[in-house]
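The values are calculated or read from the model by the stated rules, or taken from the named source; none is laboratory data. Quantities reported herein were computed from a predicted structural model and do not represent experimental measurements. Glycine gets a Cβ as well: all are built from the backbone with ideal geometry, and neighbour counts include every protein chain shown. Surface accessibility is based on the protein's heavy atoms, side chains included, excluding ligands, DNA and RNA. Shrake-Rupley method; radii C 1.70, N 1.55, O 1.52, S 1.80 Å.
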Amino acid sequence: MWLLLVLLQAAVLPAQLCEAPGEVAAVRALSARLLGLAADPARDPDPSVYLALRLAREHDLRGEERYLARLRDAFQRRYGRSLQAASRPHAAPHSHPQRDSAATQHSTSAEVEWPETGRLALYLLGLRATCPPLEPGPQRSLVTWLKYYLEEDWAGSRQHGHPLTSYYQYSLGVLALCVHRKRVREEVIRRLLAAEHHGRFGHAGGSAVDTEAVAALAFACLQRERLVGARLAAELGAAMRAVRRRMVEAQGQDGFFGNVYSTPWAMQVFIATHTCRTQPAYGRAMAALLENLDAFTTAATTAQALPVLHGRSYLDVASTRCREELDTLTPISPEPLPELPGNVTVRLVVESPEPPCPQCQLYDRPVPVPAGASLLDVLKAAAAQEPHNFMFDTQDTPQGPFLSRVLGLEARQQKRNYWQLLTAPNTSLQMGIADYRPHDGETLILRLSEW
Ligand code: B12
């Protein structure tokens with residue numbers, strides 16, 4: 001009898017067969033910590049966090065409802081009007097506060113605006129995962145907005161050889177439209193297929209795994225939902241298999257695809273293409289992830305890891321079984337980091353390849369800080385120390401503070417450059433300025449790089 005029950009459960013909940021084996025407590029604690037971070041009103045709501053809460057095995061349904069209300073408020077303000085009304089001259093919708101500088105950098109007139117493909121795509125994915133399911137009517141204008149942004153990105157990719165945002169956001173856009181069963185032009189899909197085929201997803205200092213994985217998820221969705229013709233479907237299938245093969249071949253000794261943060265994205269591809277149980281690389285990646293759960297300290301990274309720990313991919317948002325949801329999760333507040341005694345000294349170097357100083361160091365000074373300080377604390381200490389010749393600026397993003405300007409030099413999306421964070425001699429950091437904690441004697445380099 002019990003065997004029958006187990007088999008029955010397996011048949012009813014197929015997605016959960018890819019979940020973390022026997023680690024229910026650790027994964028549950030991670031979910032509860034994310035819930036705790038989500039409950040903090042000081043943090044802007046992030047659609048990835050909502051998605052992660054919705055794709056979890058256990059829920060705090062009231063807490064999720066409140067979070068959705070905050071998200072709706074943020075997005076309603078921006079996309080409340082129809083696209084037609086908004087695209088009338090001088091009637092462009094207000095930019096999202098976090099995007100103001102990006103939007104103005106690129107705007108040549110009031111009515112031109114920078115696409116928000118990725119953010120809107122994540123929000124629409126979240127809306128597909130609500131319980132009870134939302135009426136499709138009110139979402140239609142959001143879907144139209146996303147289609148418009150994707151077209152902008154596509155036009156940009158024809159003009160500049162890359163989307164205005166990035167292939168990561170472009171892929172999220174295709175994925176979200178697909179999950180909402182909205183068709184996109186074949187040319188838009190073919191552009192992504194070509195980029196995947198020609199290996200255009202990587203950038204200096206970053207691996208291509210995250211982007212490749214999101215693109216493969218979009219391909220899997222288009223195939224599953226039968227939104228493309230037979231010939232294109234066959235090409236998408238071949239591309240998906242190629243991505244999976246490359247991921248397996250490139251899996252590190254440590255079990256990761258790329259790094260610890262891109263691994264969950266890659267694992268989603270195995271889940272979405274029903275290969276998580278047959279592919280040993282998936283099991284190795286899951287084991288590596290479980291051994292490194294403490295790497296997931298921020299809401300953004302935790303939100304990306306949780307779905308796979310529950311054996312779910314973003315393609316599962318449309319198949320939520322509302323009546324079976326367990327309303328049993330309670331939030332855990334984040335613990336403060338332990339204080340470490342003493343001080344450390346870090347050498348801070350700034351490099352820019354731009355004139356008037358090609359390849360030279362614009363700044364090179366030791367900076368003393370308390371032990372356990374973050375790189376952000378180092379930058380603040382450098383700015384405060386005599387002779388006050390170090391300055392920097394950050395922009396708030398869902399991933400945390402993004403270093404946008406150093407010594408008056410601003411990195412710009414338009415120029416596709418950024419302030420890359422490295423530890424000497426030449427290793428790109430896998431964390432942002434707020435999370436990386438340098439050790440005594442370490443040399444940290446801020447380098448204006450292209451991506
Ligand atoms: C594209 C991308 C970039 C582009 C963004 C440019 C652009 N306009 O699109 C560039 C090349 C600039 C970039 C830079 C960095 N990135 Co990056 N990036 C990504 C990627 C692939 C997609 C982000 C995205 O578009 N999300 C979708 C949109 C809708 O969400 P969003 O939150 O609004 O996205 C914006 C911010 O996230 C910001 N951003 C991008 N990366 C990072 C990293 C940090 C720490 C912060 C605070 C912000 C930030 O740019 C995005 C676009 O505007 C993610 C992959 C992933 N798994 O998330 C990695 C990722 C977020 N990046 C990462 C890292 C480590 C960095 C760097 C710190 C690398 C380095 N050593 O310099 C730097 C940031 C340095 C700084 N100046 O503060 C890690 C973060 C891991 C962590 N522990 O938090 C990720 C997860 C990649 C990975 N697998 O390791 N990145």
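Summary of values
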| read-out | value |
| --- | --- |
| Count - residues of region 221-259 that are small (Gly, Ala, Ser) and under 23 Å from the mean Cα position of the chain (by Cα) | 6 |
| Residue satisfying condition, being within 16 Å of the ligand (Cβ to nearest atom) and modelled with pLDDT of 95 or more, within set ALA208, ALA215, ALA220 | ALA215 |
| Every pair of residues 6+ apart whose Cβ atoms lie under 8 Å, when the first sits in region 41-67 and is without any contact (Cβ under 8 Å) to a residue 40 or more places away in the chain and surrounded by fewer than 24 Cβ atoms within 10 Å (Cβ to Cβ) while the second is in a helix (DSSP H, G or I) and of a type in the set (Gly, Ala, Ser) | PRO45/ALA38; PRO45/ALA74; TYR67/ALA38 |
| Among residues of region 321-346, those that are open to solvent by less than 80 Å² (accessible area, probe 1.4 Å), outside any strand (DSSP E or B) and in contact (Cβ under 8 Å) with a residue 60 or more places away in the chain, counted | 7 |
| Selected residue [outside the structural domain of HIS160 (by TED's automatic domain parsing), within 10 Å of the ligand (Cβ to nearest atom) and surrounded by fewer than 16 Cβ atoms within 10 Å (Cβ to Cβ)] from GLN413, GLN361, GLN395, GLN399 | GLN395 |
| Those residues of region 416-451 which are surrounded by 15 or more Cβ atoms within 10 Å (Cβ to Cβ), in contact (Cβ under 8 Å) with a residue 24 or more places away in the chain, more than 7 Å from the ligand (Cβ to nearest atom) and farther than 23 Å from SER48 by Cβ, in sequence order | ARG416, ASN417, ARG437, PRO438, GLU442, THR443, LEU444, ILE445, LEU446, ARG447, LEU448, SER449 |
| Restricting region 99-124 to residues that are at pLDDT 85 or above, within 11 Å of the ligand (Cβ to nearest atom) and outside any loop (DSSP other than H, G, I, E, B), the residue that is nearest to VAL188 (Cα to Cα) | THR117 |
| Looking only at region 131-161, and only at residues there that are outside any helix (DSSP H, G or I) and open to solvent by 70 Å² or more (accessible area, probe 1.4 Å), the one that is nearest to HIS59 (Cα to Cα) | PRO132 |
| So THR278, is it among the polar types (S, T, N, Q) and touching a His at 6+ places or on another chain (Cβ under 8 Å) | no |
| Helices (runs of 4 or more DSSP H) within region 178-252 that include 3 or more residues open to solvent by 70 Å² or more (accessible area, probe 1.4 Å) and more than 20 Å from ILE271 (Cα to Cα) | 186-197 |
| Residue within region 338-347 that is within 14 Å of the ligand (Cβ to nearest atom) and either modelled with pLDDT of 95 or more or not assigned by TED's automatic domain parsing to the domain that holds TRP114 (or both) present | no |
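Residue-wise test of (1) of a type outside the set (Asp, Glu); (2) surrounded by fewer than 22 Cβ atoms within 10 Å (Cβ to Cβ); (3) assigned to a helix (DSSP H, G or I).
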{"position": "ARG277", "(1), (2), (3)": "yes, yes, no"}
{"position": "ALA281", "(1), (2), (3)": "yes, yes, yes"}
{"position": "ARG284", "(1), (2), (3)": "yes, yes, yes"}
{"position": "LEU289", "(1), (2), (3)": "yes, no, yes"}
{"position": "ASP294", "(1), (2), (3)": "no, yes, yes"}
{"position": "THR297", "(1), (2), (3)": "yes, yes, no"}
{"position": "ALA300", "(1), (2), (3)": "yes, yes, yes"}
{"position": "ALA305", "(1), (2), (3)": "yes, no, yes"}
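Residues are listed down the side, and each one gets a yes or a no for (1) of a type outside the set (Phe, Trp, Tyr); (2) modelled with pLDDT of 95 or more:
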residue	(1), (2)
PRO280	yes, yes
PHE296	no, yes
ALA305	yes, yes
LEU309	yes, yes
ARG312	yes, yes
LEU315	yes, yes
GLU335	yes, no
